[in-house]
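Visitor: Structure in structure tokens, see below.
Values in this text are rule-based calculations from the coordinates and carry no lab data. The structure displayed is predicted, hence computed values, not measured ones. Neighbour counts run over all protein chains shown; Cβ positions are idealised from the backbone, glycine included.
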């Protein structure tokens, strides 16, 4: 971050980086780790290096993520891709589905981080993906019934925990996909039962990002 006294020794990574809080298909992820050129840990997260990109896997929330990014040399020059899961706020997305994030909004404490209340993302603009906009919360307890009504009224499609602060940190557009893992309703959070479908959808989204990187 600009003007920060925190200046750790930097690590060099490839020019394209995929950020993944949790890789949902564990068997697939084991194969990925076995195929990586290099595999090491940084503040409890895995760093996997491949010829054209790096994977950063295993963080929760924006404080952990942004701390990790501070260790990466020239992070502001990297092309960033994000893949995570999110809670659906839209009844149309009532099963595991991949959403192409076009816009992310702040909520609660995050409203005080910046005069900006929403950030436009680059998007993938692929006909097979669903364009969506979402909202970031700083902790999971923010999702109350009044909060849910407000976000649905604003047309939010999903809720997650990293994308808005990541956008403020990078100060430039980036690309993100989220796979819906549950849906928020006034009676509570309904977790989708089909874990295999979630894993398949997550792997499909990951492979789509890798193809995009290879094509570029």
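Visitor: How big is the gap, in Å, between the Cα center of region 8-30 and the Cα center of region 73-103?
Guide: Cα centroid to Cα centroid, the span is 15 Å.
Visitor: Among 86-97, 124-135, how do they line up from the highest to the lowest mean number of other beta-carbon atoms within 10 Å? Kindly include the intermediate steps, with their values, before the conclusion.
Guide: Details: 86-97: 19.2, 124-135: 17.0.
Ranking, from highest mean packing down: 86-97, 124-135.
Visitor: Taking neighbour counts of Cβ atoms within 10 Å as a proxy for exposure, in what order, fewest first, do 32, 60, 177 appear?
Guide: Numbers: 32 19, 60 13, 177 26.
Fewest-to-most Cβ neighbours within 10 Å comes out as 60, 32, 177.
Visitor: Same structure, new question: Among rounded, prolate and oblate, which fits the chain when a ≥ b ≥ c are the square roots of the eigenvalues of its C-alpha gyration tensor, a/c under 1.5 means rounded, and a/b larger than b/c means prolate?
Guide: Working: a/c = 1.73, a/b = 1.24, b/c = 1.39.
Taking the square roots of the gyration eigenvalues as a ≥ b ≥ c, the chain is oblate.
Visitor: Same structure again: Would you calculate, for the chain, the mean residue ellipticity at 222 nm contributed by helices, counting each DSSP H stretch of 4 or more residues as -39,500 (n - 2.57) and dividing by all residues, to the nearest 500? Mind dumping the intermediate values first?
Guide: On the way: 5 runs with 57 residues, N = 216.
Calculated mean residue ellipticity at 222 nm is -8000 deg cm²/dmol.
Visitor: In terms of the Cα gyration tensor, with a ≥ b ≥ c the square roots of its eigenvalues, is region 155-216 rounded because a/c is under 1.5, prolate because a/b exceeds b/c, or oblate? Write down the numbers at each step before the final one.
Guide: Values: a/c = 3.37, a/b = 1.26, b/c = 2.68.
Taking the square roots of the gyration eigenvalues as a ≥ b ≥ c, region 155-216 is oblate.
Visitor: Arrange 143, 215 by Cβ neighbour counts within 10 Å, fewest through most, would you? Show your work: numbers first, answer last.
Guide: Working: 143 19, 215 6.
Lowest count first: 215, 143.
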